[in-house]
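Student: Questions regarding the structure given below will be posed in turn.
The values are calculated or read from the model by the stated rules, or taken from the named source; none is laboratory data. This structure is a prediction, so every number in the text was calculated from the model and none was measured. Neighbour counts are summed over all protein chains in view; Cβ atoms, including those assigned to glycine, are modelled from backbone coordinates with ideal geometry.
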Amino acid sequence: MAGTVAGEWWEYSRWVYIVGRTLRLNYGSAGEKAAVKVFLTAVLANRPWLATRMNIKANSGKGYVIADETDNSLAEMLAVVGRDLKKIPMTDAEKTLADTLIAATGDRRYGVKGNLI
C-alpha cells in the first residue's frame, strides 16, 4: 500500500486502543474530547467501513455525526479504530492524526487514566 507506515502500525494500533479504554474508565479534559472527535471524524473519512461497526448515531439524514455521541461511545469507537489499525496498516496521514491524538491525551497510551492530581 502506498503511503503506509512501515513496521510500526501495530504500536499505534495498541496505543489508540489503550487510549480508548482509559477514556472509557475516566474521561478527561475538554481538550482530550475535542482531540478524540477530530481523530474519529478524520479516520472515518479514510476508513468509511468503520461507521457501521461503531454504531454512530445518524443525524436526520445528514450522515454520521460524531459530535452527538456520549463520552463512553467515543471511547469505545477509539477501541474499534485501534483494532482496525492493527488489521489494515495506517497511512502517513493517519499516523499524523494518531500522533496528534496521543499528544493531546498524554500518558493514556501507557494505560494511565489521565491527570489524577
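Student: Are any residues in the stretch 56-74 out of contact with any Ser or Thr (no Cβ under 8 Å at 6 or more places or on another chain), at pLDDT 65 or above and not in a loop (DSSP other than H, G, I, E, B), and if so, which ones?
Tutor: Y64, A67, D68, D71, N72, S73, L74, listed by residue number.
Student: Now a separate question. Looking at A51, A35, which one is surrounded by 13 or more Cβ atoms within 10 Å (Cβ to Cβ), without any contact (Cβ under 8 Å) to a residue 24 or more places away in the chain and in a helix (DSSP H, G or I)?
Tutor: Working: A35 fails: without any contact (Cβ under 8 Å) to a residue 24 or more places away in the chain.
That would be A51, the only listed residue that is surrounded by 13 or more Cβ atoms within 10 Å (Cβ to Cβ), without any contact (Cβ under 8 Å) to a residue 24 or more places away in the chain and in a helix (DSSP H, G or I).
Student: Same structure again: Filter the stretch 1-14 down to the residues that are of a type in the set (F, W, Y) and crowded, with 20+ Cβ neighbours inside 10 Å, then identify the one that is modelled with the highest pLDDT.
Tutor: The first filter runs over the stretch 1-14 and keeps only residues of a type in the set (F, W, Y), leaving 9-10, 12.
So of that shortlist, the ones also crowded, with 20+ Cβ neighbours inside 10 Å come out as 9, 12.
Details: W9: 76, Y12: 88.
My answer is Y12.
Student: Looking at the stretch 16-32, which of the residues that are of a type in the set (G, A, S) and in a loop (DSSP other than H, G, I, E, B) is modelled with the highest pLDDT?
Tutor: Residues of the stretch 16-32 of a type in the set (G, A, S): 20, 28-31.
Imposing the further condition that a residue be in a loop (DSSP other than H, G, I, E, B) reduces the set to 28-29.
On the way: G28: 73, S29: 80.
Within the stretch 16-32, the match that is modelled with the highest pLDDT is S29.
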